[in-house]
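Novice: Below is one structure. I have some questions about it.
The values are calculated or read from the model by the stated rules, or taken from the named source; none is laboratory data. Computed from a predicted model, the values in this text were never measured in an experiment. Cβ atoms come from the backbone with ideal geometry, glycine included; neighbour counts cover every protein chain shown. Note: areas computed on protein heavy atoms with side chains; ligands, DNA, RNA excluded. Shrake-Rupley method; radii C 1.70, N 1.55, O 1.52, S 1.80 Å.
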Amino acid sequence: MEKYDLVVAGAGGGLVGAIKAAQLGLKVLLIDASPDFINTCNTSMTSGMFPASGSRWQKEKGIVDSPEIFAKDIMKKTKNSGHVVATKALTNVSVEVFEWMADSLGVPWELVTDFHYPGHSVDRCLSVPGRMGQLVLGPIWKVASDQKLFDFRASTRLVDVVIKDGQVVAAVVENSDGSQEEIATDNVLMATNGYGANQKLLAEHNEEVSYIYYHGSRYSKGEALQIGIKHGAGYGYLDSYQGHAAISSHAKTLVGWTTIMQGGFIVNSGGERFGDESAGYSEYAAILNDQKGNTGWIVIDKAIHEGSLLFKEYENTAASGAIVWADSIEELATAIAVPVDKLTAELDNAHAVHDGKGQDRFGRKAFEKRLQAPFGAIKVRPALFHTQGGVQVNADAQVLREDGSVIKGLYAAGGAAVGISGHGSDGYLAGNGLLPAFGFAYLAAKSVASA
Ligand SMILES: Cc1cc2nc3c(=O)[nH]c(=O)nc-3n(C[C@H](O)[C@H](O)[C@H](O)COP(=O)(O)OP(=O)(O)OC[C@H]3O[C@@H](n4cnc5c(N)ncnc54)[C@H](O)[C@@H]3O)c2cc1C
């Protein structure tokens with residue numbers, strides 16, 4: 001039977017692990033549970049924000065950044081509760097992996113500078129035109145398949161690994177007809193994401209979000225966590241998750257926080273704001289969920305609308321008819337059935353803070369612009385995007401036992417591995433999802449190749 005140097009399970013971030021490993025001369029098999037991962041994995045659904053600290057795109061714009069500055073931002077956002085080893089490894093590798101994707105795979109990165117994500121002290125997020133993960137993954141997949149870099153099997157699930165004398169010797173996979181087989185290999189990378197689609201695991205480890213609408217991949221069933229635990233892996237931060245407070249109630253698309261970071265704000269069904277939106281979209285999911293009807297309205301104007309059209313998902317939201325437009329704030333209040341005096345007062349407050357004539361009662365430091373008629377409102381609901389905790393790994397993405405020793409040949413990346421967002425939802429910084437997915441997959445490939 002054919003033996004592989006590496007079996008990669010999961011073709012989101014795992015895809016770059018498979019490509020890198022093949023480029024380094026390894027015989028690789030990539031499997032994915034989905035028949036159509038390009039359209040179903042979490043990575044494809046993203047706004048495509050990939051953070052790199054000290055990249056050449058930052059240098060071109062005179063932005064000073066480094067892994068140390070980035071790590072500090074991560075630690076500040078997590079109130080120093082983030083995973084130190086993972087944070088260091090990922091901030092250190094961020095430039096290498098994303099510059100390699102540009103040079104070797106032709107990814108047309110652009111530095112996002114038109115608005116600033118909460119918690120990043122400098123602009124460091126890279127994205128591609130259209131700003132969607134699928135627009136990164138699709139072309140990379142084409143490069144990999146055109147070059148026949150590795151073997152690939154769709155509709156094939158990793159269900160276990162075989163470990164003999166402390167070393168991985170096979171991956172156990174389940175085919176779409178339910179049959180199982182062992183594939184001989186010394187190394188398995190679990191890049192199968194977290195357990196957002198597994199209600200039982202959510203109830204067990206992350207009750208806070210077990211009843212919130214889930215907006216991630218339906219294939220995120222938590223198999224990596226279960227396989228890891230079965231073989232004695234340590235795990236951590238299982239209560240950590242990325243939420244989002246801006247899913248269109250109408251279209252179920254991502255409206256995006258660019259609406260807020262350009263000066264928009266959110267009111268509840270009573271027409272009132274209920275917090276500092278600029279703290280972050282992840283923690284705002286639970287805050288929005290506490291409002292009557294678990295929904296709110298993002299209030300914007302035409303300039304914010306036009307700035308947001310850089311995002312494909314926002315464009316989809318607009319095209320769905322989810323935005324209510326009105327020529328005055330009073331007409332907008334009537335159109336969305338909130339009290340006119342309350343909504344008008346919120347606009348006046350935003351303008352006063354913007355003009356430096358008052359302080360926001362929730363502590364929001366900036367409303368980036370004065371909103372001008374016509375005004376728009378988009379009804380939003382909160383969502384769980386993905387879970388952040390997982391099996392413990394070292395700086396090479398090797399899975400660790402509870403005592404800290406390495407399970408030889410077992411690797412984890414992305415939502416399968418322990419994350420860098422601390423606990424709960426408020427430690428999440430934009431990019432904390434994709435960096436562990438791509439960074440750890442890349443590090444795993446290098447580690448296997450150098451063994
Ligand atoms: C709408 C949205 C927007 C987001 N925007 C951003 C952003 O801009 N920046 C950011 O950093 N993060 C973002 N995130 C978070 C991001 O999606 C995840 O953190 C990241 O994609 C996880 O990558 P992954 O490789 O671990 O998982 P995935 O991309 O989901 O890949 C896992 C793959 O494994 C497959 N699979 C699952 N189980 C098995 C199994 N047992 N065997 C074989 N295959 C299996 C799945 O089918 C899937 O293809 C966003 C999330 C959502 C929902």
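Novice: When the stretch 162-185 is examined, which residues are found to be under 24 Å from C41 (Cα atoms) and open to solvent by less than 60 Å² (accessible area, probe 1.4 Å)?
Specialist: Scanning the stretch 162-185 gives A171, V172, V173, E174, N175, G178, S179, I183.
Novice: I've got another one for you. Kindly evaluate Y241 against the criterion of being under 20 Å from V418 (Cβ atoms) and in contact (Cβ under 8 Å) with a residue 60 or more places away in the chain.
Specialist: Taking the combined requirement at face value, the residue satisfies it.
Novice: Determine whether the stretch 252-262 contains at least one residue that is open to solvent by 10 Å² or more (accessible area, probe 1.4 Å) and in a helix (DSSP H, G or I).
Specialist: The answer is yes; a qualifying residue exists.
Novice: Pick out the one residue from Q388, Q392, Q372 that is over 22 Å from T295 (Cβ atoms), out of contact with any Asp or Glu (no Cβ under 6 Å at 6 or more places or on another chain) and modelled with pLDDT of 95 or more.
Specialist: On inspection, the qualifying residue turns out to be Q392.
Novice: Among A326, A318, which is among the hydrophobic types (A, V, I, L, M, F, W, C), in contact with a His (Cβ under 9 Å, 6 or more places away or on another chain) and either surrounded by 19 or more Cβ atoms within 10 Å (Cβ to Cβ) or at pLDDT 95 or above (or both)?
Specialist: Just one listed residue meets the conditions, A318.
Novice: Here's something else I'd like to know. Give the stretch 330-352 a look and list any residue that's closer than 19 Å to I260 by Cα, surrounded by 17 or more Cβ atoms within 10 Å (Cβ to Cβ) and hydrophobic (A, V, I, L, M, F, W, C), or say none.
Specialist: L332, A333, I336, L343, L347, A350
Novice: Give the stretch 263-279 a look and list any residue that's outside any loop (DSSP other than H, G, I, E, B) and either basic (K, R) or under 21 Å from the mean Cα position of the chain (by Cα) (or both), or say none.
Specialist: Within the stretch 263-279, E277, S278, A279 meet the criteria.
Novice: Still on this structure: Can you name every residue in the stretch 294-307 that is touching a Lys or Arg at 6+ places or on another chain (Cβ under 9 Å) and either assigned to a helix (DSSP H, G or I) or open to solvent by less than 20 Å² (accessible area, probe 1.4 Å) (or both)?
Specialist: Within the stretch 294-307, N294, G296, I298, D301, A303, I304 meet the criteria.
Novice: For the structure I just gave you, tell me whether V406 is open to solvent by 10 Å² or more (accessible area, probe 1.4 Å), over 13 Å from the mean Cα position of the chain (by Cα) and more than 10 Å from the ligand (Cβ to nearest atom).
Specialist: Spelling it out, V406 is indeed open to solvent by 10 Å² or more (accessible area, probe 1.4 Å), over 13 Å from the mean Cα position of the chain (by Cα) and more than 10 Å from the ligand (Cβ to nearest atom).
Novice: Also: What do you reckon, is L238 crowded, with 21+ Cβ neighbours inside 10 Å, within 14 Å of the ligand (Cβ to nearest atom) and either closer than 29 Å to A412 by Cα or at pLDDT below 95 (or both)?
Specialist: Answer is no for this residue.
Novice: Considering only the stretch 186-216, how many residues are open to solvent by 10 Å² or more (accessible area, probe 1.4 Å) and either within 8 Å of the ligand (Cβ to nearest atom) or free of Cβ contacts under 8 Å to residues at least 24 places away in the same chain (or both)?
Specialist: Counting residues in the stretch 186-216 that are open to solvent by 10 Å² or more (accessible area, probe 1.4 Å) and either within 8 Å of the ligand (Cβ to nearest atom) or free of Cβ contacts under 8 Å to residues at least 24 places away in the same chain (or both) gives 12.
Novice: So which residues in the stretch 14-39 are near the ligand (Cβ under 7 Å from one of its atoms) and either surrounded by fewer than 19 Cβ atoms within 10 Å (Cβ to Cβ) or not polar (S, T, N, Q) (or both), if there are any at all?
Specialist: If the condition is that a residue be near the ligand (Cβ under 7 Å from one of its atoms) and either surrounded by fewer than 19 Cβ atoms within 10 Å (Cβ to Cβ) or not polar (S, T, N, Q) (or both), then G14, I31, D32, A33, F37 are the ones that fit.
Let's see how each residue does on (1) more than 8 Å from the ligand (Cβ to nearest atom); (2) not small (G, A, S):
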residue	(1), (2)
V399	yes, yes
G415	no, no
V418	yes, yes
G424	yes, no
N432	no, yes
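Novice: Identify the single condition in (1) of a type in the set (G, A, S); (2) assigned to a loop (DSSP other than H, G, I, E, B); (3) surrounded by 19 or more Cβ atoms within 10 Å (Cβ to Cβ) that S282 does not satisfy, given that it satisfies every other one.
Specialist: (2)
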